[in-house]
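Remarks on the structure that follows.
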Amino acid sequence: MNNKLLLIGIVSFIIIFVYWLGYGLLFVEGNSATFIGIILVSSTIFFYIDAARSGKEIYLRPIAGLKAIEEAVGRATEMGKSVLFVPGISDMDQVDTVAGINILGHVAEITAKYETDLNVPTCRAIVMESARESCRESYLRAGRPDLYYDDIVHYISDDQFAYAAGVNGVMIREKPAACFYQGKFYAESLLLAETGNSIGAIQIAGTGSASQIPFFVTACDYTLIGEEFFAASAYLSNKPELIGSIKGQDIVKFMVIVIMITVFVFDTVRQMGLLDFNILTFLGLN
Amino acid sequence: MFLKRQMPTIIAISVGLFILFGHFINYEPIQHFVDNDATQWFDIIASFAIFLGALNMLKLQVLKVAKKQKNWQYSILAILGFAFAIFAGFFFRGANYVNLTEIDPDKVTQLITHISTIQDIKDPLLMKKSINSSLADYEIPKIFISRSNANHFAGLVSGLATDVTVGSKPWGAHVQIEGSLFSWMFFKVFTPLSSTMFALLAFFVASASYRAFRIRNFEATLLLVAGIILMIGRVPVGELIPWWVVSTLIVFGFGALIAPLIMDKKILFGIIFCGFFASIGLGIIFDWSLAVNTPEILSITNISEWIFDYPTAAGSRAIMIGIALGIIATSFRIILGIEKPF
């Protein structure tokens, strides 16, 4: 373990050293903090992925929203109703949508196992194709490729409110027992979540759109907030390398907290005139 | 199998790493590719993919009608709407204009009178000035959807200029010109429908707020109090609330906070009453009725700003940091091919 840590440390140091040598010539000036940040974050995450692959036990705290996914699909199965999955209104260039499609894969696997109808209305054609691929794989993994057909995932409209109207129409007509909102959302979030609430569906939301989180928290039964949403697919897959990346992410978060406290203390002391050292300039942030 | 499995992963990893490190490489073509070409590639692919989406939507609606599935009547509307949009975009241009060459300067007023029959003129003098400055070649500001209407108007004004011609705006540009069938559909049908959906938000916000603000536990109470302060602080009437109302609210709020800790209700009420009279007494002694003497904490506007600038900003930044790290970790997993959503 320590050898690997040393190796990753040396490789990171070499990359940063090469960057330093070529700074201004080979590499663009002015974003050294970003570069060093990326290397440090990547090497930390990579170290924990590697550690998890080697069999290191990693504890993940229980996330209620993720535990409820199977419960929600089970409820839909018992009621003989469908499951609705909304992957947001953005395209595949948004990480939120990618994370949403990852979660869709897990939901589709459960619906395939339970033989429950799944309905995935999409807002973008590329998302439709990716979602189909993900669902097809999941049905295959669950051993039920016979239940899969392309129209599980269908396109509604590229326009935000036309899409919201279309999805609301599906909800009102089909009355799904479970609604998942996982992806990038804007103003339509509350339109969808409130309609889902009005039909009595169990609702699980997850988004990286900070401004939409309050709406989902209010209207949904469970909400994956911030990093929980991005960790969901890793959590659900239970694959060591994916879980390792979450651990690495948490360590980076701890490092960020330490840096924030250090900057706060140093800058406060400097502003009080007790120290002639500007940490912000030192870190290239000022 | 290689093309279906390994190839996409290789493309994703190589392009991902290239775009990531391209930001740091000091070479103009790479910078240009990262900043412009790569995003344009995505736009081009997305533009072609729209056909897949549109055909899928049409196929499902047609099948619904053909098989007379439940609620198939709505699908007829969807198909008709689709067909109308195609017709307005590709087959019926509209966007007809009337152009006058060498207008008789003595007949400008007459021309304005004719224009006023088809369009509201806010400032006739300004229009007269505009026509006089382009007597040699003037385009009527009104765009006609139907060719016959344009011809009819051209006939009316034919005696006012040497030559009156009727033309159409070019294909493609017509979708953005007010007066084409497409823009009519967009502004008169689509925009009101979109606005209606957006307006529904107001009602949904009300019902969602009602649920969120119901007092069930300490957190919900805190949310309710913060919400009310923010709402009052953001409207003009918030500034008119006198200091003694705010100080009383603070005393009662403090009382509500300590209530679970004090079992004896007499002591609790004693503390609240003492606080109430003490705050009023302090206000009278220090003359808080004068705006300059009032402590900042006794202004609802200041309290709402404080809530917005500190606790709210701190909470939302914590979430933002978590989201940013989540995005980095997810991107890292995809770039390294550990997680494959494709």
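Only the coordinates and a few stated rules stand behind these numbers; no lab work does. Predicted, not measured: the structure shown is a model, and the values here were computed from it. Because the Cβ atoms are built from the backbone with ideal geometry, glycine has one as well, and the counts that use them run over all protein chains shown.
Which far-off residues, 5 or more places away or on another chain, put their amide H under 5 Å from the one on residue A:203, with H placed in the peptide plane?
Long-range HN contacts for residue A:203: A:179, A:221, A:222.
Applying the Karplus parametrisation 6.51 cos²θ - 1.76 cosθ + 1.60 with θ = phi - 60° to the phi angles of the range B:204-211, what ³J(HN,Hα) value in whole Hz is obtained for each residue in order, glycine and proline being reported as x?
5, 4, 4, 5, 5, 5, 4, 5
Arrange the following residues from fewest to most other Cβ atoms within 10 Å of their Cβ: B:327, A:213.
Values: B:327 18, A:213 23.
With the fewest neighbours first, B:327, A:213 line up as B:327, A:213.
Treat each spin label as a single point 7 Å out from the Cα along the C-beta direction, and report the residue B:264 to residue A:175 distance in nm.
So the label points at residue B:264 and residue A:175 sit 5.8 nm apart.
From the square roots a ≥ b ≥ c of the eigenvalues of the alpha-carbon gyration tensor of chain B, which class results: rounded (a/c under 1.5), prolate (a/b over b/c), or oblate? Before the final figure, lay out each step's value.
On the way: a/c = 2.36, a/b = 1.48, b/c = 1.60.
Verdict is oblate for chain B.
Label residue B:191 and residue B:207 with points 7 Å out from Cα along Cα→Cβ: what is the distance between them in nm?
Calculated label separation equals 2.9 nm.
If each of residue A:257 and residue B:10 carries a label point 7 Å out from its Cα toward its Cβ, how far apart are those two points in nm?
Going from the residue A:257 label point to the residue B:10 one covers 4.4 nm.
If the chain between residue A:7 and residue A:20 were fully stretched, how many nm would it gain, using 0.36 nm times the residue separation less the Cα-Cα distance?
Working: separation 13, 0.36 × 13 = 4.68 nm, distance 1.97 nm.
Value of the extension gain: 2.7 nm.
With charges only on Cβ, +1 for K and R and -1 for D and E, what is the dipole size of the protein assembly as shown about its Cα centre, in debye, rounded to 20? Numbers along the way, then the final one.
On the way: 45 positive and 51 negative charges, 348 e Å.
Magnitude of the dipole: close to 1680 debye.
Let me know the whole percent of all Cα-Cα pairs from chain A that are separated by more than 24 Å.
Details: 23883 of 40755 pairs.
Considering chain A, 59 percent of its Cα-Cα pairs are separated by more than 24 Å.
Between 0 and 90 degrees, rounded to the nearest ten: what's the tilt of helix B:313-335 against the longest Cα principal axis of chain B?
Approximately 60 degrees, to the nearest ten.
Treat the count of other C-beta atoms within 10 Å as a stand-in for reagent exposure and order A:124, A:141, B:93 from fewest to most. Walk me through the numbers on the way to the answer.
Values: A:124 26, A:141 15, B:93 22.
Fewest-to-most Cβ neighbours within 10 Å comes out as A:141, B:93, A:124.
Per-residue HN-Hα couplings for the range A:237-251, Karplus 6.51 cos²θ - 1.76 cosθ + 1.60 at θ = phi - 60°, whole Hz, x for Gly and Pro?
Here the 3J(HN,Hα) series is 6, 6, 7, x, 5, 6, 5, x, 5, 5, 4, x, 4, 5, 5 Hz.
So how do A:254, B:186 line up by other beta-carbon neighbours within 10 Å, fewest first?
Ascending Cβ contact count within 10 Å gives the list A:254, B:186.
Under 5 Å between amide H atoms, partner at least 5 residues away or on a different chain: which partners does residue B:25 have, H built in plane at 1.01 Å?
Close amide H contacts, sequence-distant or interchain: A:28.
If Lys and Arg each add +1 and Asp and Glu each add -1, what is the summed charge of the other residues whose beta carbon sits under 14 Å from the beta carbon of residue B:154? Could the numbers behind the result be given before it?
Details: positive: B:142, B:147; negative: B:139, B:163.
Net local charge, residue B:154 excluded: 0.
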